[in-house]
């Protein structure tokens, strides 16, 4: 039984804490949030302790692991504190927004190694995992191209944009990770193109809301990513891999398998699941499974700090490319 | 080159005459219609002779074959006249609505055999033909069940209902033929259930506008047909075959391969092709090919008078079943 | 918190007991099974008591409700005992295989009414529920036809066939319930046709393994059901409803949203989920929700003993029809 | 009636000549090919004159228009000769492979203007045309992104690669045209990335066989193109447009609407149409329609020499980008 404290009682904290509470091999010991009311409410609902300060808990004997779902700027300190105390960590992406700070964190982790699973939850989606498995099993022969479509249902508030690190570090970073993972080789070159087509206010933050990226590996495999902060039809999450002997595509998931036909259309499916909490509900559960397997079962952590660092490097390169109009070597 | 006269310048006459005019191995010699204006107009458009009386043409030397697209009550006489004159016939279904008259016609045809292709055009649809081919090639193992969905976009005028012979003889007859063909064995038992759910006026004609049928062959293969005179989403033409090692379904055809996604639906395809002239445009062309192959190339006629007779027997049995509530032996 | 005892530690017992154990408003108190090893194993895995005899538990104070997943021939006694003790019941279908016994049980229940949810689990499938909701919301106008396809991946052992009550009472009964529910009116007439096409041994039990049914309501709405004990491509569960203003179809569910394209096919989805435990995993959870809502929340039980009785009446009528070749009034 | 001479009796010449022969408003007067046997064979099959030298025909009075399906290096001379003689031209793409020569040709055309339709046949595909129509009708709001997937079933012979002008000028040029057309604005910036992943021999020609491109217009609309000279599953031709209020995708077209389900897959469609002659058979017919409408009916030519020039500019920019690693302004 893995004893876990949830750091952060916000949207994602609720998801993780709920999954821990239901997991047969985990026990939710505490919920931590600087906002007392939030911590109390979630702990009350799930029947565990609460706290506004993580430090004591992390260093105490009551827990074996933490899940970090607090704001990005707290991640590095929490990781390092947990590592020092010998506690395992499941940390929401990203580790941080500054590559130097992330590199420093990774150096520290080498001194006090601890299982750290980085929350690139999409890798745990059953369809994404099956696609990766099929590639690795040779089903499409030698991989040649990857195409990732990733569009949010609607833009975040501008206050979020201000501190998000920008489109590439905040949104595309999931796709950079997915691209690396599906390619099976490190991209060595990134070209990106960003525009503001959804909300002109975004220009105030020197950010983009619509982007296209091309990455390439040393052996010449190519990957395209397209992003938009708004898709009228819902949260659009598709992938496609082309290899020498075939192609696999991953369509969007709907809540039901119904298809409607009437005077204006046929075979219409319902709108897509509203956003990541709904679309990736399964992923979060399987991610927790993998974390518990790693900590209790000694299995390797399937996605770690190095993956977070690599994705950030690609995001930084994309930003540089979008500003310079040149492809950037990584 | 097959020299053809088109009998009937209505909706279906225009389709056949146009196909003949464009066919590299056929020549449209004349269009015949009792309505002079219709005959003239179509002949003018396609550059051939016209007439209001078929008799002289059929018996003359200028033509090798006729296509019969005139009203049902003229079919038998035209077929017999053509047979007597040694001319080939492509006749729209049905041969007739009365089984005794049809039997008599078939007897007469035995005396002066002539190539006669009966216009069960759906057999020539590329998808239907590919499905039949796959069954015959053993792709689904031993056939067990056939399901045919056949719904019109909207009901015909009541004046048509009055003389149509009724739903089973007029509309379901195509599905009886399709069922026989896909089953690959004669149905020996028919159960049918008919209702008036679209237009209450239809009851005046002792007819139905919505029906479900089950047929069974001697070896126990089963076939379901469902019909409705109205489908708000268009002309619905689907088929499904289940065998011991698999299933093949045949979806509806759309004019384009577009799929629309917006705030109210995803992957919506456009409405279905409006009706049989659009949906089965290819079928009519391939049917003409098969007719020419039979007459000029000595190939067997793929669907003939006996098929028309069998379909009518099933329609009659369905009507008897719908009225009696019992399954009827054929 | 609803305190529940699970009666039966077999395949379905494991599903229900696991769902109860994870449910935030339920507590699994005990597992009961005459086979001690089974009871012990399941209770051990889920951390609750076990017993080989249900009687004491049902009459004791430790539980509020039972879930009945024991063999069919025990259902009626368990239901009556629970009713007498004032305990709620979630009972797997069917109540019984003999209509007289079922009628007697229903009479008894009137004396000591207890919340009884009958496990027609498919009603709780999210897509089925959304389809019913759409019909009730008027989305397709006036309902005209229902088509239900329900095929098992492979036949059960002959030992099961021997005691199953026959195809109509064992397998089609789910579709009779689904048909009644979607039609929104009682079928008053049933025609059925059964054959042995999968395993000739089935004839020894005077049973069928392949069937087609047509039902009709008093207002003339029609419903077709097709069944086969074997579908090479997996557990096939589809539905279609046609109304005056549109159609809704419910496709099969796959484990992933992948589509494969290679030299032999395009857009191939993976095989279907293997059988009901996988396909309807969600249904069982939502069914338990509904049960808890009824018992603790005072909401109406969405599917009860009367529904079980009606489905059995239809199954009996289908059997009579299949044997007589006549449609049977219900 | 438009009197047409077909220049070139190869693969594409046969398609065009056949369409002309069947067209009710056109007459195929002659087929011209330097290979006498080819010219003779095609002319014989379609019942028209033949010649090995185009000059006399173009300048003679017997024809009103030519269709140019001869090798690329003959296009400019034929166009200019036809323009000088006042004959209309339907010219296969590209006008030429050298932008200076193309510019010179366009200058000459200004002196003796003649209807010139450039054979970007994909614009005439019913689905592509419907997509463009939907965009123009405002169906997806303001356009933001275009994604074009265009993969050949297999690589051309190396001898073809040697003179093709390279992947971007030969293959991607169709997608550059499609991108421009769907975007509705000129791309002002091109980034491209090319690799040799199919056949290493292609490197000998300093060419690529796998490519990804991003284009951007002045207002920031983005377009991605991906190409591969080999797709094991057939000729892959898809498009997607994202706008502020929706998305439209265009799937591949199959020869039938069948879907197969068996033990290894469900809903498998058959392999895609083999290559452009099959996939775009309709396009060539509608293209001819548009040409005849322009010449005989005075309608504007829907795609002309300027479009050819623009697509070539984009191809040249892509090549420069692929070699330099920078986005190139157009």
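The values are calculated or read from the model by the stated rules, or taken from the named source; none is laboratory data. What you see is a predicted model; the values in this text were computed from it and never measured. Note that we place each Cβ from the backbone using ideal geometry, even for glycine, and neighbour counts take in every protein chain shown.
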All positions within the stretch C:254-284 that are in contact (Cβ under 8 Å) with a residue 40 or more places away in the chain and either within 30 Å of residue D:154 (Cα to Cα) or in contact with a strand residue (DSSP E or B) (Cβ under 8 Å, 6 or more places away or on another chain) (or both): C:272, C:279
Residue under evaluation residue D:249, criteria (1) within 22 Å of the chain's Cα centre (by Cα); (2) buried (at least 21 other Cβ atoms within 10 Å of the Cβ); (3) within 14 Å of chain B (Cβ to nearest Cβ), criterion not met: (2)
Scan of the stretch A:17-41 for residues that are within 30 Å of residue C:18 (Cα to Cα) and under 23 Å from the mean Cα position of the chain (by Cα), ordered by number: A:17, A:18, A:19, A:20, A:21, A:22, A:23, A:26, A:28, A:31, A:32
Identity of the residue in the stretch C:255-271, touching a helix residue (DSSP H, G or I) at 6+ places or on another chain (Cβ under 9 Å) and modelled with pLDDT under 95, that ends up nearest to residue D:233 (Cα to Cα): C:270
Test: residue in the stretch C:286-301 that is surrounded by 20 or more Cβ atoms within 10 Å (Cβ to Cβ) and within 29 Å of residue A:135 (Cβ to Cβ): no
Identity of the residue in the stretch C:289-330, without any contact (Cβ under 8 Å) to a residue 12 or more places away in the chain and not in a helix (DSSP H, G or I), that ends up farthest from the chain's Cα centre (by Cα): C:325
Test: residue in the stretch B:110-128 that is touching a helix residue (DSSP H, G or I) at 6+ places or on another chain (Cβ under 6 Å) and more than 30 Å from residue B:239 (Cα to Cα): yes
Selection within the stretch B:197-217 - closer than 28 Å to residue D:263 by Cα and either within 8 Å of another protein chain (Cβ to nearest Cβ) or more than 20 Å from the chain's Cα centre (by Cα) (or both): B:214, B:216, B:217
Options A:55, A:41, A:17, A:45: the member that is part of a helix (DSSP H, G or I), modelled with pLDDT under 95 and farther than 17 Å from residue A:79 by Cα: A:45
The one condition in (1) over 19 Å from residue A:128 (Cα atoms); (2) in contact (Cβ under 8 Å) with a residue 60 or more places away in the chain; (3) assigned to a strand (DSSP E or B) that residue A:208 fails to fulfil: (3)
Considering residues of the stretch C:173-188 that are within 14 Å of chain B (Cβ to nearest Cβ) and closer than 23 Å to residue C:207 by Cβ only, the residue surrounded by the fewest Cβ atoms within 10 Å (Cβ to Cβ): C:187
Residue count for the stretch B:219-246, restricted to those that are touching a helix residue (DSSP H, G or I) at 6+ places or on another chain (Cβ under 6 Å) and away from chain D (no Cβ under 14 Å): 4
From the options A:153, A:113, residue that is in contact (Cβ under 8 Å) with a residue 24 or more places away in the chain and within 11 Å of another protein chain (Cβ to nearest Cβ): A:153
Test: residue in the stretch B:128-138 that is within 14 Å of chain D (Cβ to nearest Cβ), under 18 Å from residue B:278 (Cα atoms) and buried (at least 21 other Cβ atoms within 10 Å of the Cβ): yes
Odd one out for residue B:164, checked against (1) touching a helix residue (DSSP H, G or I) at 6+ places or on another chain (Cβ under 7 Å); (2) at pLDDT 95 or above: (2)
Scope the stretch D:35-80; condition surrounded by 17 or more Cβ atoms within 10 Å (Cβ to Cβ) and over 24 Å from residue D:164 (Cα atoms); matching residues: D:42, D:43, D:46, D:48, D:50, D:51, D:57, D:58, D:63, D:64, D:65
Failed criterion for residue C:7 (all others in (1) surrounded by fewer than 19 Cβ atoms within 10 Å (Cβ to Cβ); (2) touching a residue at least 40 places away in the same chain (Cβ under 8 Å); (3) within 29 Å of residue C:162 (Cβ to Cβ) hold): (1)
